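Here's the structure, in structure tokens; my notes come after.
The values are calculated or read from the model by the stated rules, or taken from the named source; none is laboratory data. Keep in mind it's a predicted model, so treat the numbers as computed, not measured. Counting neighbours? That spans all protein chains shown, and the Cβs are built from the backbone with ideal geometry, glycine included.
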Amino acid sequence: MKRQAPLLVAFVLALGCTGAVEKPGPTPPPEEPPPYQELPPSGPSWPAAGAPGELPSPELRIRRLDVTLAAEDLALLEANPYWDVMYPATVKLDGRMAMGLVRYRGASARTRPQKSWRIDLDGGYALEGRDRFALLAEYDDAAKLVERLAVDLYRALGLPVPYARFVKLYVNGVYRGVFLDMERVGGEYLVHHGHEPDASIYRCGDRNCEMKQLPRAELSYQNDFTKTRNETVPWDDLDRFLEVISRTDDADLERRLGEVMDLDAYLGNLAANELIANTVLEDARAYWVHELHGDLWTYVPWDLNNAQPYWSRDLPASSPLGGVWREPQIFSIYDDAVRRIYDVRVNERVGQRPTWSVLATRIWDHPALRARLLAKLDSALQGVFTPERVGPYLEALWAVVGPEIVQDPFVDATCAETEPARLVRFVHDRREILLQRLPALRAHGSGPLVVNEIGIPGDAEAGYVELYNRGSTDLDLSGAQVTDDLRVPAKYALPAGTVLPAHGHLVLVADGTPWAPPGPAAEPPHLPFVLSTSGGELGVFPPAAVHAPYDLVYFGPRASGSAYGRTSDGTETFGDVARTPGTAN
């Protein structure tokens, strides 16, 4: 393989890599695996971690994994790739043998010419301390590097993430190419990453992981969470966790999240998502580990191949790099992809609603949490996420895996060889965009229109919503949408001609009058919903918008007849306030 120019200066674009690539000619003969060597009790030989803030060192070699199953079972598997039937097989890792079950895995991955594999070893068997394997084909990635880079970036930032390494796969003696061997999140993960060994593991359902408190079976286009450990234990721990996320007052949010979850790690994960432009998180099916004795939740990402530079196989040389221009605040209500994905899927799935994370959204809206998140992002942009750090790492990794990857029967070698330099260019360009966006991200939530106060209905008092214009010019709010369900903005549209003067208040009566038009000029508009004493959410959106509200507020349980809002007009501090709609707080 010819050597490339140094990655730090070779900011070249990959050649177009379109369509399936399957090389003609004979299959490479099976190689003799190296002699088996017993590993120390620590278990798998994952790539060694680097020093804090440094990318890990690459593995010294690519290991070989052999799967052998009956010819008729292999024929059934290949004829029916969407079946979840597991077929008995013999599995060897560098010559060490075990018995188990295999099938294809993934969703869209099963439509690709090169498919991903799931391997479950039989009881009593383990290979390098593992009895479960997820082999990711990474077919859409020209050189199979994007998810591996993402994993190693997360490790360099000290974040919870499954380990990953490359393996060569042979099925019934036929070479199937290079796969990313991704550590599965199960009992072994708990041990390897220092969690309580009897912790529960929840996994987000398909098109889910929004951490919302709606009944989990209510939306037909989503699947519920699944639970892979302690399955017989009631799920009330998850319900309590979602309650904290959705029904904690803003003033108490940072403290409560810090009590129930590894908040620092989650903030780091949000920052890392921005680095790699990790998108379509609703489809990623990430994990939540709940340590029962410590009552602590930890987020574990999955499907980091949803990062935007991943889609490189189909990019012609003239295309801009995927994800470079992707706006920050990923998978929050402020992410423009919420609208773009909704516009497509609303025509494909019955009942589709805009999808985004409640937890990520609340962090972006909370000044102290947002500052902590942006400090982590800025630190990464000044540290590991630079061409000067990523370039040498990719050169060292490619020196080990590149000669094998270009021999993969599903890889275009010419395109693959350009991919490391392309990724360094992505890091350079994405970093510049994020640095430019930091001032605006720090100023998030400083717009003129705010939800200033909400009143819970009492025995003889209707509930209300008070809007406030903290800007210095009048605001035309014609058609602005007010809702108590942030995924259904179009609950009520303010009538044409609604103007909120500078430093003025607008009171809306929340008495459940369905779509009532405003009465006489002296009577305020009525909203078609009633605020609940059990807590809820309230948002004001631009006309016809499904994301990026002008402002939103979450609130916890409140007494009948109480009021909650900004402690003084337009400030970012919240609490119980006197029930005085339309006057200064």
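Name the residues in the stretch 560-585 that are part of a strand (DSSP E or B) and surrounded by 16 or more Cβ atoms within 10 Å (Cβ to Cβ), would you? Give the derivation first.
Within the stretch 560-585, the subset part of a strand (DSSP E or B) is 563-566, 574-576.
Hits for the stretch 560-585 are Ala563, Tyr564, Gly565, Arg566, Phe574.
Which residues, counting only those in the stretch 330-357, are among the hydrophobic types (A, V, I, L, M, F, W, C), modelled with pLDDT under 90 and assigned to a loop (DSSP other than H, G, I, E, B)? Once the filter is applied, which keeps residues that are among the hydrophobic types (A, V, I, L, M, F, W, C), modelled with pLDDT under 90 and assigned to a loop (DSSP other than H, G, I, E, B), the stretch 330-357 yields only Val350. Look at the stretch 333-347: where a residue is in contact (Cβ under 8 Å) with a residue 60 or more places away in the chain and a partner is of a type in the set (D, E, K, R) and assigned to a loop (DSSP other than H, G, I, E, B), sitting 6+ places away or on another chain with Cβ atoms under 8 Å, you get Asp335/Glu327; Asp336/Glu327; Tyr342/Arg353.
Exactly one residue among Pro543, Pro457, Pro514, Pro557 is buried (at least 16 other Cβ atoms within 10 Å of the Cβ) and either without any contact (Cβ under 8 Å) to a residue 12 or more places away in the chain or not in a strand (DSSP E or B) (or both), and that residue is Pro457.
Here is a check on your reading of the model: is Leu394 under 30 Å from Phe241 (Cα atoms), buried (at least 22 other Cβ atoms within 10 Å of the Cβ) and at pLDDT 95 or above? Give the derivation first.
Values: under 30 Å from Phe241 (Cα atoms): no; buried (at least 22 other Cβ atoms within 10 Å of the Cβ): yes; at pLDDT 95 or above: yes.
No.
The listed residues are Pro88, Pro58, Pro52, and the only one of them that is at pLDDT 95 or above and either touching a strand residue (DSSP E or B) at 6+ places or on another chain (Cβ under 9 Å) or of a type outside the set (A, V, I, L, M) (or both) turns out to be Pro88.
Given the structure, is Val553 over 21 Å from Leu242 (Cβ atoms) and in the same structural domain as Pro495 (by TED's automatic domain parsing)? Step through it out loud before you land on a result.
Numbers: over 21 Å from Leu242 (Cβ atoms): no; in the same structural domain as Pro495 (by TED's automatic domain parsing): yes.
No; evaluated as a whole, the condition is false for this residue.
As a summary of the residue check, Arg372 satisfies the conditions (1) in a helix (DSSP H, G or I); (2) on the phi > 0 side of the Ramachandran plot except for the one numbered (2). Taking the stretch 244-264 as the range and being surrounded by fewer than 17 Cβ atoms within 10 Å (Cβ to Cβ) and within 30 Å of Arg132 (Cβ to Cβ) as the test, only Asp264 passes.
The residues of the stretch 265-280 that are outside any helix (DSSP H, G or I) and either at pLDDT 95 or above or of a type in the set (A, V, I, L, M) (or both), listed by number, are Ala277, Val280.
Per-residue answers, yes or no, for (1) within 30 Å of Asp343 (Cβ to Cβ); (2) of a type outside the set (Lys, Arg); (3) more than 10 Å from the chain's Cα centre (by Cα); (4) modelled with pLDDT under 95:
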{"residue": "Leu253", "(1), (2), (3), (4)": "no, yes, yes, no"}
{"residue": "Leu263", "(1), (2), (3), (4)": "no, yes, yes, no"}
{"residue": "Glu282", "(1), (2), (3), (4)": "yes, yes, no, yes"}
{"residue": "Arg285", "(1), (2), (3), (4)": "yes, no, no, yes"}
{"residue": "Asp303", "(1), (2), (3), (4)": "yes, yes, no, yes"}
{"residue": "Gln308", "(1), (2), (3), (4)": "yes, yes, yes, yes"}
{"residue": "Leu315", "(1), (2), (3), (4)": "yes, yes, yes, yes"}
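Restricting the stretch 215-243 to residues that are in a helix (DSSP H, G or I) and under 20 Å from the mean Cα position of the chain (by Cα), the residue that is surrounded by the most Cβ atoms within 10 Å (Cβ to Cβ) is Phe241. Counting residues in the stretch 359-369 that are at pLDDT below 95 and over 20 Å from Leu486 (Cα atoms) gives zero.
Report yes if Pro52 is over 25 Å from Ala126 (Cβ atoms), part of a loop (DSSP other than H, G, I, E, B) and in contact with a Phe, Trp or Tyr (Cβ under 7 Å, 6 or more places away or on another chain), otherwise no. No.
Rundown of residues vs (1) crowded, with 17+ Cβ neighbours inside 10 Å; (2) within 30 Å of Asp264 (Cβ to Cβ); (3) polar (S, T, N, Q), yes/no style:
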| position | (1), (2), (3) |
| --- | --- |
| Asp66 | yes, no, no |
| Leu77 | yes, no, no |
| Pro81 | no, no, no |
| Val102 | yes, no, no |
| Ala107 | no, no, no |
| Ser116 | yes, no, yes |
| Leu121 | yes, no, no |
| Arg130 | yes, yes, no |
| Leu153 | yes, yes, no |
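In the stretch 519-531, the qualifying residues are those that are surrounded by 15 or more Cβ atoms within 10 Å (Cβ to Cβ) and assigned to a loop (DSSP other than H, G, I, E, B), and the one that is modelled with the lowest pLDDT is Pro524.
Inside the stretch 130-145, can you point out the residues that are more than 24 Å from Ala396 (Cβ to Cβ) and in contact with a Leu (Cβ under 6 Å, 6 or more places away or on another chain)? Break it down stepwise before answering.
Taking the stretch 130-145 as the starting set, the residues that turn out to be more than 24 Å from Ala396 (Cβ to Cβ) are 130-134, 139-140.
Listed by number, the list holds a single entry, Asp131.
Please go through the stretch 403-414 and give me each residue that is part of a helix (DSSP H, G or I) and surrounded by fewer than 22 Cβ atoms within 10 Å (Cβ to Cβ), ordered by number.
Initial filter on the stretch 403-414 (part of a helix (DSSP H, G or I)): 403-405, 413-414.
Passing the criteria: Pro403, Glu404, Ala413, Thr414.
Kindly list the number of the only condition in (1) within 28 Å of Val91 (Cα to Cα); (2) of a type in the set (S, T, N, Q); (3) free of Cβ contacts under 8 Å to residues at least 40 places away in the same chain that fails for Asn172. Asn172 satisfies all of (1) within 28 Å of Val91 (Cα to Cα); (2) of a type in the set (S, T, N, Q); (3) free of Cβ contacts under 8 Å to residues at least 40 places away in the same chain except (3).
The rows are residues; the columns are (1) touching a strand residue (DSSP E or B) at 6+ places or on another chain (Cβ under 9 Å); (2) without any contact (Cβ under 8 Å) to a residue 40 or more places away in the chain; (3) in a loop (DSSP other than H, G, I, E, B).
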residue: Thr418; (1), (2), (3): no, no, no
residue: Leu434; (1), (2), (3): no, no, no
residue: Gly447; (1), (2), (3): yes, no, yes
residue: Leu508; (1), (2), (3): yes, no, no
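For the stretch 460-488, the candidate set comprises residues that are of a type in the set (Asp, Glu) and assigned to a loop (DSSP other than H, G, I, E, B); within that set, the residue that is farthest from Thr386 (Cα to Cα) is Glu461. Could you list, in sequence order, the residues of the stretch 375-395 that are within 21 Å of Pro439 (Cα to Cα) and in a helix (DSSP H, G or I)? The answer is Ala375, Lys376, Leu377, Asp378, Ser379, Ala380, Leu381, Gln382.
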